[in-house]
Amino acid sequence: MNKPLLTLSGLTMRFGGISALEAVSFEVEEGKTTSVIGPNGAGKTTLFNCITGMYRPTSGQVSLRGEDITAAPAHRIARHGIARTFQNLALFGGLSVLDNLMTGAYLQGRSGLLQGAFLTPAARAERRAAEAAARETLAFLGMEDVADAAPAELSYGKQKQVEFARALMQNARLVLLDEPMAGMSKTEKTAMSGLIQRVKRERGITFLIVEHDIPVVMDLSDHIVVLDFGRKIADGLPEAVRQDPAVIAAYLGSDPHH
């Protein structure tokens, strides 16, 4: 078994008197895809926010390769090699697809490029490197044809793929995908699943995914964690989780394919 890349130990997050997460522990193995599933309100997005430094958990620990990152600010966690996408598209409408990807590279950059400081040789070199990396990422994903398009000209599924590509631009070892399939057609889901599988296989990137589409999750995941009302009720291989009575009970009364 590979070493865990990410370890959550007793993660608890309370808002007032309400526990959004209650003592959640699990490991994300390097080079694998781990999915977190559970009914609405189970605490999945709160979990992502705790991992990426947007929330500071009430108690418990988040470790990346054994280093405690629980209290690290979001920008430092990004530098540690964790990237994420969001449930709602967060693309810049006024920028082309290529430029949207380049903003991903600038999260790694040092020359204040977002301030438009293109004048110094270092900044110019960094911009050239960012553009080359963006073109390479688009080529790798088979999306070169949309480089100059504005996001609004693309289908919803394609926009989600652009956001995925931008997360890859951050050179992260761990990519968190928050509902990457939401709002997609069956064809778009198949395309997105294919991209995730390829990136994992060819670039060795580790994925942690929150997703509602259970068939997609079963297909994509090496490991599944199930949350219900902020508590972990199951954790294991897809087949074992699928047959777990607690999981079946948590999903009863709601359509597991939704």
Quiz item: Has region 1-12 got at least one residue that is part of a loop (DSSP other than H, G, I, E, B) and in contact with a helix residue (DSSP H, G or I) (Cβ under 7 Å, 6 or more places away or on another chain)?
Solution: no
Quiz item: Only one of these conditions is not met by LYS189: (1) basic (Lys, Arg); (2) closer than 18 Å to GLN87 by Cβ; (3) at pLDDT 95 or above. Which number is it?
Solution: (3)
Self-check item: The listed residue being out of contact with any Leu (no Cβ under 9 Å at 6 or more places or on another chain) and hydrophobic (A, V, I, L, M, F, W, C), out of ALA74, ALA42
Solution: ALA74
Exercise. Restrict the check to region 84-93 and report whether at least one residue is in contact with a Gly (Cβ under 8 Å, 6 or more places away or on another chain) and either surrounded by fewer than 14 Cβ atoms within 10 Å (Cβ to Cβ) or not assigned by TED's automatic domain parsing to the domain that holds ILE209 (or both).
Key: no
Quiz prompt | Hits in region 191-223 - residues which are hydrophobic (A, V, I, L, M, F, W, C) and either over 14 Å from VAL36 (Cα atoms) or assigned to a strand (DSSP E or B) (or both) | solution = ALA191, MET192, LEU195, ILE196, VAL199, ILE205, PHE207, LEU208, ILE209, VAL210
Practice problem: Answer yes if at least one residue in region 48-59 is among the small types (Gly, Ala, Ser), in contact with a strand residue (DSSP E or B) (Cβ under 8 Å, 6 or more places away or on another chain) and assigned by TED's automatic domain parsing to the domain that holds GLU211, and no otherwise. | Solution: yes
Self-check item: Among (1) crowded, with 19+ Cβ neighbours inside 10 Å; (2) within 20 Å of LEU5 (Cβ to Cβ) - the single one ASP228 does not satisfy
Solution: (2)
Quiz item: Pick from region 14-47 the residues that are assigned to a strand (DSSP E or B) and free of Cβ contacts under 8 Å to residues at least 60 places away in the same chain: which of them is surrounded by the most Cβ atoms within 10 Å (Cβ to Cβ)?
Solution: GLU27
Quiz item: From the list ARG65, ARG79, which residue is surrounded by fewer than 19 Cβ atoms within 10 Å (Cβ to Cβ) and on the phi > 0 side of the Ramachandran plot?
Solution: ARG65
Quiz prompt | Matching entry among ALA246, ALA240, ALA182 (being at pLDDT below 90, assigned to a helix (DSSP H, G or I) and surrounded by fewer than 20 Cβ atoms within 10 Å (Cβ to Cβ)) | solution = ALA246
Quiz prompt | Subset of region 54-104 (residues that are of a type in the set (A, V, I, L, M), under 17 Å from LEU168 (Cβ atoms) and assigned to a strand (DSSP E or B)) | solution = ILE82, ALA83
Quiz item: For ALA240, are the conditions met, namely being farther than 30 Å from GLY17 by Cβ, outside the structural domain of LEU47 (by TED's automatic domain parsing), among the small types (Gly, Ala, Ser) and out of contact with any Cys (no Cβ under 8 Å at 6 or more places or on another chain)?
Solution: no
Practice problem: Would you confirm whether any residue within region 224-231 is closer than 20 Å to PHE48 by Cα, of a type in the set (Gly, Ala, Ser) and not in a helix (DSSP H, G or I)? | Solution: yes
Quiz item: Which of the residues that make up region 125-157 are buried (at least 19 other Cβ atoms within 10 Å of the Cβ), within 21 Å of ARG201 (Cα to Cα) and of a type outside the set (A, V, I, L, M, F, W, C)?
Solution: THR137
Exercise. Could you pull out the residue among LEU220, LEU227, LEU177 that is of a type in the set (A, V, I, L, M) and over 23 Å from GLY142 (Cα atoms)?
Key: LEU227
Quiz item: Restricting attention to region 244-258, does a residue exist that is hydrophobic (A, V, I, L, M, F, W, C), farther than 30 Å from GLY94 by Cβ and touching a Gly at 6+ places or on another chain (Cβ under 6 Å)?
Solution: no
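The values are calculated or read from the model by the stated rules, or taken from the named source; none is laboratory data. Bear in mind the structure is a predicted one, so any value in this text is a computation, not a measurement. Neighbour counts run over all protein chains shown; Cβ positions are idealised from the backbone, glycine included.
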